[in-house]
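Okay, so here's the structure we're looking at.
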Amino acid sequence: GPNGKIGIFVGGITGAYADSNLIKNLVIRTGADSMNSSAGSYGVLFYGGDLSFPDAGNKIINCDISKHGSAGIGIQWQSGSSIENNKIHDWTQFGGENDIHGIWIAEGATSTLVSGNVIGNLRTNVNYSWSYGIENGAGQNSNARIFNNMIYNILSCGPGGEANFSRGIYSSSTTNSNDKYYYNS
């Protein structure tokens, strides 16, 4: 559909897992058909069946990702994913009502490793949308390790009366637990 472009999608379904996949050394560009309406546009999305049937051991390493609307890399309902040494960079969201993320760790993504990534020049010009370098909203038993990442020029600056939020790293779930954040710049 026009608002659901995904460069690479790896997903299991209830009772059938998509485990131990490796995405490595790829250049992934322009997943959104328009930066005016790009909700659901991801460079790479690992998406398990549901909270009870997470996929396990998926990895994305050393990829160059740009212009993907919602997120460069998104994971949900995963266990033990690794997101390492990727470059996620350079897009501006001009319209629509979605936040933008370099890396989005969504509900049920436990024991995620995020290391050595360079995330920068991500911007939204939409009022009351947010920009994140890395958002961790995994929830219970998140156990994320987020370290040695470089994050720069993350900006939400849409005109209008509502607040805009720009965050380099954001732990967005009040139920996240045992996460470790260190040596990020």
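The values are calculated or read from the model by the stated rules, or taken from the named source; none is laboratory data. Remember, predicted model here, so these are calculated numbers, not experimental data. Cβ placement follows ideal geometry from the backbone for every residue including glycine, while neighbour counts extend to all protein chains displayed. Surface accessibility is based on the protein's heavy atoms, side chains included, excluding ligands, DNA and RNA. Shrake-Rupley method; radii C 1.70, N 1.55, O 1.52, S 1.80 Å.
General observations
- In the range 109-119, residue nearest to ALA18 (Cα to Cα) [restricted to those that are in a loop (DSSP other than H, G, I, E, B) and open to solvent by less than 10 Å² (accessible area, probe 1.4 Å)]: THR112
- Scanning the range 18-35 for residues that are at pLDDT 90 or above and in a loop (DSSP other than H, G, I, E, B) yields ALA18, ASP19, SER20, ASN21, ASN25, LEU26.
- Yes/no for SER81 being of a type in the set (Gly, Ala, Ser), out of contact with any Phe, Trp or Tyr (no Cβ under 8 Å at 6 or more places or on another chain) and free of Cβ contacts under 8 Å to residues at least 60 places away in the same chain: no
- Across the range 63-78, the qualifying residues are those that are open to solvent by 10 Å² or more (accessible area, probe 1.4 Å) and outside any strand (DSSP E or B), and the one among them that is farthest from THR14 (Cα to Cα) is LYS67.
- In the range 89-108, the residues that are in a loop (DSSP other than H, G, I, E, B) and either out of contact with any Phe, Trp or Tyr (no Cβ under 6 Å at 6 or more places or on another chain) or not acidic (Asp, Glu) (or both): PHE94, GLY95, GLY96, GLU97, ASN98, ALA106, GLU107, GLY108
- Residue identified as in contact with a strand residue (DSSP E or B) (Cβ under 6 Å, 6 or more places away or on another chain), surrounded by fewer than 19 Cβ atoms within 10 Å (Cβ to Cβ), of a type in the set (Ser, Thr, Tyr) and modelled with pLDDT of 95 or more among SER171, SER81: SER171
- Taking the criterion of being under 12 Å from the mean Cα position of the chain (by Cα) and within 12 Å of SER131 (Cα to Cα), the residues of the range 92-113 that qualify are ASP99, ILE100, HIS101, GLY102, ILE103, TRP104.
- Checking each residue in the range 174-185 for being surrounded by 11 or more Cβ atoms within 10 Å (Cβ to Cβ) and not polar (S, T, N, Q) picks out ASP179, TYR181.
- Residue in the range 121-139 that is at pLDDT 95 or above, closer than 25 Å to TRP77 by Cβ and more than 12 Å from the chain's Cα centre (by Cα) present: yes
- Tally, over the range 120-155, of residues that are open to solvent by 10 Å² or more (accessible area, probe 1.4 Å) and part of a strand (DSSP E or B): 12
- Where a residue in the range 127-147 is on the phi < 0 side of the Ramachandran plot and among the β-branched types (Val, Ile, Thr) and its partner, wherever it lies, is open to solvent by 40 Å² or more (accessible area, probe 1.4 Å) and assigned to a strand (DSSP E or B), with Cβ under 6 Å and at least six apart: ILE134/ILE169; ILE146/TYR181
- Candidates ASP50, ASP99, ASP55 - the one that is acidic (Asp, Glu) and either open to solvent by less than 10 Å² (accessible area, probe 1.4 Å) or at pLDDT 95 or above (or both): ASP55
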